[in-house]
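Take a look at the structure below.
The values are calculated or read from the model by the stated rules, or taken from the named source; none is laboratory data. This structure is a prediction, so every number in the text was calculated from the model and none was measured. Every residue, glycine as well, gets a Cβ built from its backbone with ideal geometry; the counts of neighbours run over all protein chains shown.
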Amino acid sequence: MATTYDYPITLEYDGVDNLGYSYVAPSTTYTGTQLGMYFKAGDTISNTITNPSGGNIGDVAANAAANPDPSNSGALPPGSTYTASTDSSAVWATTTWLIFGRNTSSGNPADRSNRFWWQRVSGTISLDSSTITRGANLTGSVSQSGLLSPGLNSHRLYLLTWTSATTPDFTYANGGSLASITSSSTSFSISTPTNMPPGTYELVLSHYAPTGSNGGAAYQTNNFWGRNQQVHSVTYTVQQPRSYPDQYELGGPTTNTALSTKYYSNTVTMAGIDSGETATVSISGTNSKYKIGSGSYTTADSQISNGQTITVENESNSSLNSTNVATLTVTGQNNSGATVVVTDTFTTTTTSSEDTTPNAFDLGDSATNVVASTTQYSDTITVAGLGSGVTTAVTIAGTGTTVNPQFSINSGTYGTSGSVDNGDTVRTRLTSSNTPGGTNFLTLSIGGVSDTFTAVTAGAGTGGGTGGASGTAGYGLEIFNYRDTTGNGVADTLVNIFGPNFRSCSLVSSGTAHLQSSNNDTNVTYNTPTIAGMNSTNKNTFGMVMGPIYLASLMNVSVLATRNNTNFTVTAGFLPTGNYYATWWVFRY
Amino acid sequence: MTYGLFMEGNAGIFQIDSAATNTRWSGLKATGTIAANTFMTTAQMNITNKDLLFARPTSTTSSSTFNSANYCAIMGNSGGAPKFLTETSFATLQTTGGAIATSGGSSNINGSDYGVLVQEADGTVVYDSRKFTTGFELISIFDAGAFTGGSREHYAAGGGSLATYQAGNTVYTATGSTNSEKAADLSSVYVSAYNSWAIPNINGTDWFINSFYYDYYYYKIYFVGFFEGISTMGVPFSVMKNQTNIALGRIK
């Protein structure tokens, strides 16, 4: 805004110097050693200078001149009233004018300080960034010309922010924070309030100017800033911090899930939220929760910062082919203050049909050569492979005579009906056939999967055995008894205690061997009595166990028992004088 | 044979002969563990009742060299009740006529109305299935003198080798497709232990007669029979064969 300045100045006599410039601008009006005023291009200056002495009004061209004599600058202020009407005037545009009055008589200059000057100033603002986040500093520099050396407030250019380029004068917006630059320090940094509304603002560069009026109208109301002193202005944008995150991906959907089972999304990391800002996290959906970082899963809203993670938990539906949707919402604001909602969903859809078929199972090998009409047990199987939570019926059937097939679930009571799910154990039993060589078997079915368990009774004798002691003869006499295998005092398991396929032990005879040596005898012997049933044909099925004969002598310690046709003989190769006894057993096997 | 019961099993193994006086079937009377150097009780082993003793070391330690806990040897007795050099697991066989059932206050374990009873002409019991719930299977019987003697600890006279000792004294070699199966098999075998005698490390001597060593490194049972004298006295290391039969068995 072009401004018209009118400073009527009546010079005062300030003593006589040797140059005769004794009339100066009055100190009562202007203070300081540099009395004057900046102006900008386009301003109109129409000072009326009165020299009561009637002498000349002179000037010097440089305020630092040693002698403010027109002869030093070689020029007078242009115009009779010293009006700088436009900056087109080369003189007024480039020259600092210092105004003095000259006495009619010669004399020493008592004080050349009180001189009035006009100084044209210009400047251009350069912002480091035309867009800043509120709370940050608006920084830049000013390229200027015309400022005098720093020292006084007047020798500065001031920067102040207006709410917009169209707002009227003095409507500053940055909280009144006034920045300035000098001729030697041209950078500036202006703080912005953290609650500054986002928008476009104007930064105005103003020069210092004393207040005053022109024709009764105030041409300046503030020394430091105002449209009238505005040298340059730029606009810049203030934005608020961003508090909403970038889009995140929770993953999924998870399909064909088990019923009523918790599933978890990808763990997503919040990005894009400005430092110090938080967004609001909320979740919706049946059986849906979320957690931040390693916290606990919750349904309550909470705040989240940049870099924090979120994991969503969604419990699948309790019904088949049903979908549960967890919707995670993170709400914040963009730089313009508008609310931005970022959402993603994590869904679980339960399986459309449950697996009611278990894995195959094996009831074990057949029980063979078992006693007729006895209870026979299969191996115990563990149910696996059913769908989560699926329970399926167990059935059992028998084939044979008086089979009585039954099963026990988890070691419970044996019966013929029941149901199982994964992890249950099942054991079956049946009654063996009541005929020699008879076969009874049962079929256990679980969810369409079956296995059989067979028991075959010992067959009728066919004569002649084969193999060794641990053979597989299908004839002969087997004797069973029940044994308490669990230690609970109840005989629960049928065991074979006698049979044709293993050598059992029968004690035939026992006694005490007496070996007597009268005089360090050699080959001392002891003969057992005749052993019942022992003969030359079967003698090799008789054995003898005897307590040790150990000799006090260190020599010739050989003692051996030999098998005769009907008895045993014990021989000591050398026996020190004395009597030696040992218990013996003869067994048949 | 004009009366009674005579039975043979597979391949002619002897089962019962009620005509052979005093032939008494023996079933399992007791099993358990007895600490080292502790006399067995008569409930565990009663020599008066003609109990037959089978045993094995409780230790299943595997050692590439030697582990004394794996010896099976008696080192004394009190009235016929033995004590062992090491902690030992035993299986005592009792003749059927002398068996006393232990459960339910009955003389018969599972009642009296079923089972097999075989008697001699005078009513002496040869076999009574009601007295036993467990049998004992003999898996090997070796004659006296079948093993050369020596020890897993000292090998043999003249500083013999382990291989030589094993060749002459292996009573049993465990079977199994894995080491754990072999170990389980080895620890299921009991040896006739009553004929053993051990006087270890007395005045610088070791004396083992009719004893055994369970080797869980090579999964074998060895016969042990030796006397190790005091070398400075010029007493030689002497090996001793097994004096009588050796029987091996398993609990059924």
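Values as computed for the structure displayed
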read-out	value
Residue list for region A:216-267, filter: within 24 Å of residue A:287 (Cβ to Cβ), free of Cβ contacts under 8 Å to residues at least 60 places away in the same chain and part of a strand (DSSP E or B)	A:262, A:264
Members of region A:268-294 found to be under 20 Å from residue A:251 (Cβ atoms) and part of a loop (DSSP other than H, G, I, E, B), listed by number	A:270, A:271, A:272, A:285, A:286, A:287, A:293, A:294
Region A:476-492, residues that are at the interface with chain B (Cβ under 9 Å from one of its Cβ atoms) and either at pLDDT 70 or above or farther than 18 Å from residue B:132 by Cα (or both)	A:476, A:477, A:479, A:480, A:481, A:482, A:483, A:484
Residue, modelled with the lowest pLDDT, within region A:526-555, restricted to residues that are surrounded by fewer than 15 Cβ atoms within 10 Å (Cβ to Cβ) and not aliphatic (A, V, I, L, M)	A:553
Pair list, Cβ < 7 Å and 6+ apart or interchain, from region B:47-60 residues that are without any contact (Cβ under 8 Å) to a residue 24 or more places away in the chain to residues that are part of a loop (DSSP other than H, G, I, E, B) and surrounded by fewer than 21 Cβ atoms within 10 Å (Cβ to Cβ)	none
Odd one out for residue B:185 among (1) at pLDDT 85 or above; (2) part of a helix (DSSP H, G or I); (3) away from chain A (no Cβ under 14 Å)	(3)
Residue tally, condition crowded, with 19+ Cβ neighbours inside 10 Å and of a type in the set (A, V, I, L, M, F, W, C), over region A:236-258	2
Any hit, region B:20-38, residues being surrounded by 14 or more Cβ atoms within 10 Å (Cβ to Cβ), touching a Pro at 6+ places or on another chain (Cβ under 7 Å) and closer than 21 Å to residue B:187 by Cα	no
Pairs, first at the interface with chain A (Cβ under 7 Å from one of its Cβ atoms) in region B:123-139, second part of a helix (DSSP H, G or I) and modelled with pLDDT under 80, C-beta under 8 Å, six or more apart	B:132/B:96
Answer from B:65, B:96, B:2 - the residue that is at pLDDT below 85 and within 11 Å of another protein chain (Cβ to nearest Cβ)	B:96
Entirely in region A:108-209, the strands (runs of 3 or more DSSP E) that have 2 or more residues that are modelled with pLDDT of 90 or more and surrounded by fewer than 16 Cβ atoms within 10 Å (Cβ to Cβ)	A:122-127, A:138-145, A:187-190
Of all residues in region A:493-515 being within 20 Å of residue A:534 (Cα to Cα) and more than 7 Å from chain B (Cβ to nearest Cβ), the one that is surrounded by the fewest Cβ atoms within 10 Å (Cβ to Cβ)	A:512
Subset of region B:1-12 [in contact with a Leu (Cβ under 9 Å, 6 or more places away or on another chain) and buried (at least 21 other Cβ atoms within 10 Å of the Cβ)]	B:9
Matching residues in region A:525-552 - criterion: being in contact with a Phe, Trp or Tyr (Cβ under 8 Å, 6 or more places away or on another chain) and more than 10 Å from chain B (Cβ to nearest Cβ)	A:527, A:528
Considering residues of region A:408-424 that are buried (at least 17 other Cβ atoms within 10 Å of the Cβ) and part of a strand (DSSP E or B) only, the residue nearest to the chain's Cα centre (by Cα)	A:420
Residue tally, condition surrounded by fewer than 20 Cβ atoms within 10 Å (Cβ to Cβ) and either modelled with pLDDT under 85 or in a strand (DSSP E or B) (or both), over region B:204-237	13
Every residue from region B:32-57 that is within 14 Å of another protein chain (Cβ to nearest Cβ) and in contact with a helix residue (DSSP H, G or I) (Cβ under 9 Å, 6 or more places away or on another chain)	B:46, B:49, B:50, B:51
Of all residues in region B:173-188 being within 19 Å of the chain's Cα centre (by Cα) and among the small types (Gly, Ala, Ser), the one that is farthest from residue B:136 (Cα to Cα)	B:183
Subset of region B:16-31 (residues that are more than 7 Å from chain A (Cβ to nearest Cβ), more than 17 Å from the chain's Cα centre (by Cα) and within 19 Å of residue B:131 (Cα to Cα))	B:16, B:18
